[in-house]
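The values are calculated or read from the model by the stated rules, or taken from the named source; none is laboratory data. Being a predicted model, the structure only gives us computed values, none of them experimental. Heads up, the Cβs are rebuilt from the backbone with ideal geometry, glycines too, and the neighbour counts pull from every protein chain shown. Protein only, heavy atoms only, side chains kept; ligands, DNA and RNA dropped before computing areas. Shrake-Rupley method; radii C 1.70, N 1.55, O 1.52, S 1.80 Å.
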Protein chains: 2
Amino acid sequence: MPLPPAELEARLRLHALPGFGPRRHRRLLEAFASASAALSAPASAWRALGLPAGCAEARRSAEVRQQAAMALAWLEQPQRQLLPLGEPGYPALLAELDDAPPLLFVEGEAALLEQPQLAMVGSRRASKPGLDTARAFARQLAGAGFVITSGLALGIDGAAHRGALEASGKTVAVLGTGLQRIYPARHAPLAAEILAGGGALVSELPLDCPPQAGNFPRRNRIISGLSLGVLVVEASPSSGSLITARLAAEQGREVYAIPGSIHHPGARGCHQLIRDGATLVESIEHILEALRGWQNIAPPQPVPPAPTGEWHPLLALLHAAPQTSEALALASGWPLARVLAALTELELDGLVACEGGRWLGCAG
Amino acid sequence: MPLPPAELEARLRLHALPGFGPRRHRRLLEAFASASAALSAPASAWRALGLPAGCAEARRSAEVRQQAAMALAWLEQPQRQLLPLGEPGYPALLAELDDAPPLLFVEGEAALLEQPQLAMVGSRRASKPGLDTARAFARQLAGAGFVITSGLALGIDGAAHRGALEASGKTVAVLGTGLQRIYPARHAPLAAEILAGGGALVSELPLDCPPQAGNFPRRNRIISGLSLGVLVVEASPSSGSLITARLAAEQGREVYAIPGSIHHPGARGCHQLIRDGATLVESIEHILEALRGWQNIAPPQPVPPAPTGEWHPLLALLHAAPQTSEALALASGWPLARVLAALTELELDGLVACEGGRWLGCAG
C-alpha cells in the first residue's frame, strides 16, 4: 500500500530541509511515528534529538513547502516514482545501508531496482580498448540477465550503459544531480535512450539540484548499494571509481576488476583493487561463477524463464560434448549473450552444469 | 667439516641406484647411521625397510660403482661441488622440502645457494613484451640484491638469467638434465655466461643424465624450493610454470604474477594464479614490500654492504623531498637497479624508509 499523500508530502518536506541528510531523516522517523508527526512536533522535541535549531525552524518555510510541491507536481507525469525508504518498492539491497537515501526519485522502470544489478564503473578518460571492454562486458552481462547500473558519466559509465542497450538489456543510471538536471549535458541523449529502452534514471537529490562536487562521491554509494557487485573496468589509483569500489567492499558487495598491461596507466587502479582483494575478472564467467550463490537469495530473475524447448538446440550440443559458452555460441550460431542467458536459466533448472569453465548437459 | 671421502662415495652409490628417489634415500640414511653402514647392511635389512629387492642387489653392481667414480672424478676440477643433504653448505630453504634432493651437483658459485633467491619462470614461447618484462624485472631484482634462480629454458627463463647478468647480478640455473648435458643446447653459451658472471648451475641428476620429460617437473620443485618466492611472468594456464607456482605455494613460498591484457593469451596463466591467491605484481617494489619481512630471517645479504658515503647523493635527494625510486633514478642519473640496491641497504641501516610507494630519508 503506498504512503498516504499527506505523509508523502511530509517526507518530501523533511527531505528538503537544508543540511538534512539520511541519518537525521532516519532519526526523526524513528523518534516519531511518521514524517507528519515529526513535522507537527514541538521544536523542543527536535532539539532533544540533537538536531540543529535551524532545522526545526525551516520545516515550515515557504521554500521547503515549495520543494515538496514541485516534487508532487513532477510525480503526476507517467513513468515517475518516488520511493520512500521502508516502503514497498524501495530496493532491498540499498535499504541495508546505514545511510540509505530516505527518498529515491525514479524516472522509467522502477521495478528494475529490485532486480539483480551489477554496477560497472571506471575512468571518465578511458582508453579506446577500455571503452570497448566495458561495452562488451555490459553487453554480455545484460545478456546473462543482469541489470547494468552505472553513473551516466563520460567514459566507462557511458560505455556500460550503451553495451547494455545494445544487448536489448536493461540499465539504470544513478545521477549525482537532480533528475531535471541531467549531467553531463552531452549524455542527455543517452539518458533518453536508457528510458526508451525500458531502463531507469535514479537520484536521491532534489529534482533541480545542479552538479556539485560533493554529491558525486555520495552518488557512488547508491550505485554500489543497489548492486550485487561492482565491476571496475579502467581506473587510475586516485579515481572516484576506486572510492566506489572501496565503498562497495565496505557494504559487503563483491568487487571485480579487469587487469591490463603493467605498462598501461589505466590499469593501475584495477591492479590496486586486485591487490586489495578484488576478484580478477577476464570474462563474465568469472562474475557469473562468483554470483551464482547470490542469485538464489536475490530477487527473482529479471528475464522471465523461457520454455526449455526453445533452448533445445543448446542442450543437444551440450549432451554431445561439454564445451565453453564461446564454443557453444559458435556451434549454435546464437549470439553469446543469448547463449549465456540460456545457460543461466538452464543451470537454475538443473539441466546444465559448469565444470572447469566448460558446460555440460545433466542427465534427466 | 666435509663428509669423509668414503661416506661421500657411499652417498653417490645410493644416489646412483636405479629407481632410488629422495624419499628412499632419506629412509635409508635415517635407518642406518650413514650411507656406508647402509651399503654394508644385509639385504634383509633393506627389505625390512620396504625397499624392493632389486635395490639391495644393485648396490654393489659395476654400474653403480662406475657412476660414483665418475662423479668423484668430475669433482676434482675447480668450481665443482657436491652438496649432500644435511651437510654444511646445503641450501637451508631447499632442505625444508619432504623430497629435498639427497645430493646437489653444483658448478660455479655454490655459496649463492645460501643467499636470498627469487625464482623467475614463465612460458618458453613468450611474447616479445613478455621477454622484455622478464629481463627488466630480473635486472632490477638482481640490482636489489636477489639471486635470480630459473631453469635455463628458452623464453622467460633465458630472459631472466640474461637480465640478472646485465645488472652484473648473480643468477642460478637449475637444470632438468645432468650438468654435463646442458639442455637446450642453444643455451650452452648462456650457461657459460652464467658461470663467467659468478653464477651457478645446479642439478640433482647424474652428470650424464639426458633430457627426459619427467625430470623437468621435478626440477621445478628445486627452483621454487631454493627461493623465497616465485615470480611468474607470462604463462599459459596449462604450462609447467603454473605447476612450479603451485608447488611453490605448497612449499610455503610466495607466488607473484604479472598481469596483462585480457586479450593476451600469454597472461591467462598469471591471471589464474592471481585468482588463486598469488600476489599481483606491477613493479619490483611489490615484491620487495612482501619480502621485506623475510629478509630478516633469510641468510645474509648477497651484496656486501657498501659504505653509506657512496650513497650520499641519494640521501641528500631524499632528505630534500620524499620520492619514488624511479624519480630518484632520474634525479640522480643512476641506473634504477643501483638506486634500488642502495635503497635496500639504506633501509636495512634505518637511513631511509618507504611509505606509500615513496622513499624518505630518516633523521639521524
Cβ-Cβ under 9 Å pairs, at least 6 apart or on other chains, the range A:64-78 side closer than 12 Å to A:Pro5 by Cα, far side open to solvent by 100 Å² or more (accessible area, probe 1.4 Å): A:Leu72/A:Pro5
Cβ-Cβ under 7 Å pairs, at least 6 apart or on other chains, the range A:125-137 side among the hydroxyl-bearing types (Ser, Thr, Tyr), far side part of a helix (DSSP H, G or I): A:Ser127/A:Gly266
Residue among B:Arg27, B:Arg60 that alone is among the charged types (D, E, K, R), farther than 30 Å from B:Gly197 by Cα, free of Cβ contacts under 8 Å to residues at least 40 places away in the same chain and assigned to a loop (DSSP other than H, G, I, E, B): B:Arg60
Search result, residues across the range B:222-240 that are open to solvent by 10 Å² or more (accessible area, probe 1.4 Å) and more than 14 Å from chain A (Cβ to nearest Cβ): B:Ser239, B:Gly240
Test result for B:Leu141, open to solvent by 10 Å² or more (accessible area, probe 1.4 Å) and closer than 22 Å to B:Glu234 by Cβ: no
Hey, B:Glu30 more than 26 Å from B:Gln180 (Cβ to Cβ) and charged (D, E, K, R) or not: yes
Filter result (open to solvent by 60 Å² or more (accessible area, probe 1.4 Å), more than 27 Å from B:Asp208 (Cα to Cα) and more than 26 Å from the chain's Cα centre (by Cα)) within the range B:1-39: B:Glu30, B:Ala33
Residue list for the range B:85-97, restricted to those being touching a Gly at 6+ places or on another chain (Cβ under 7 Å) and surrounded by 23 or more Cβ atoms within 10 Å (Cβ to Cβ): B:Leu94
Restricting the range A:273-286 to residues that are in a loop (DSSP other than H, G, I, E, B) and more than 9 Å from every other protein chain (Cβ to nearest Cβ), the residue that is most open to solvent (accessible area, probe 1.4 Å): A:Asp276
Flag for B:Leu83 being modelled with pLDDT of 95 or more, in contact with a Phe, Trp or Tyr (Cβ under 6 Å, 6 or more places away or on another chain) and either among the polar types (S, T, N, Q) or farther than 12 Å from B:Leu226 by Cα (or both): yes
Verdict on B:Glu289 being under 21 Å from B:Asp157 (Cα atoms), surrounded by fewer than 22 Cβ atoms within 10 Å (Cβ to Cβ), within 14 Å of another protein chain (Cβ to nearest Cβ) and at pLDDT below 95: no
Residues being in contact with a strand residue (DSSP E or B) (Cβ under 9 Å, 6 or more places away or on another chain) and either charged (D, E, K, R) or assigned to a loop (DSSP other than H, G, I, E, B) (or both) - total across the range B:83-97: 4
Candidates B:Ala136, B:Ala111, B:Ala100, filtered to the one that is surrounded by fewer than 23 Cβ atoms within 10 Å (Cβ to Cβ) and in a loop (DSSP other than H, G, I, E, B): B:Ala100
Cβ-Cβ under 6 Å pairs, at least 6 apart or on other chains, the range B:176-193 side free of Cβ contacts under 8 Å to residues at least 24 places away in the same chain and surrounded by 12 or more Cβ atoms within 10 Å (Cβ to Cβ), far side among the polar types (S, T, N, Q) and outside any loop (DSSP other than H, G, I, E, B): none
Some residue of the range A:43-58 being open to solvent by 50 Å² or more (accessible area, probe 1.4 Å) and within 18 Å of A:Glu7 (Cα to Cα): no
Residue selected from the range A:241-251 under the condition in contact with a strand residue (DSSP E or B) (Cβ under 6 Å, 6 or more places away or on another chain) and under 12 Å from A:Ala278 (Cα atoms), by the criterion surrounded by the fewest Cβ atoms within 10 Å (Cβ to Cβ): A:Ala249
Residue satisfying condition, being in a helix (DSSP H, G or I) and at pLDDT 75 or above, within set A:Trp359, A:Trp311, A:Trp334: A:Trp311
Sole residue being aliphatic (A, V, I, L, M), more than 14 Å from chain A (Cβ to nearest Cβ) and over 16 Å from the mean Cα position of the chain (by Cα), chosen from B:Ala153, B:Ala200, B:Ala138, B:Ala188: B:Ala188
Pair list, Cβ under 7 Å, 6 or more apart: the range A:143-155 residue part of a strand (DSSP E or B), other residue of a type in the set (Val, Ile, Thr): A:Val147/A:Thr171; A:Val147/A:Val172; A:Ile148/A:Thr171; A:Thr149/A:Val172; A:Thr149/A:Val174; A:Thr149/A:Ile223; A:Ser150/A:Val121; A:Ser150/A:Ile223
Check on A:Cys270, at pLDDT below 80 and out of contact with any His (no Cβ under 7 Å at 6 or more places or on another chain): no
Some residue of the range B:41-50 being among the hydrophobic types (A, V, I, L, M, F, W, C) and closer than 22 Å to B:Glu204 by Cα: no
Residue ID - most open to solvent (accessible area, probe 1.4 Å), chosen from residues in the range B:252-272 that are assigned to a loop (DSSP other than H, G, I, E, B) and either basic (Lys, Arg) or more than 9 Å from every other protein chain (Cβ to nearest Cβ) (or both): B:Gly252
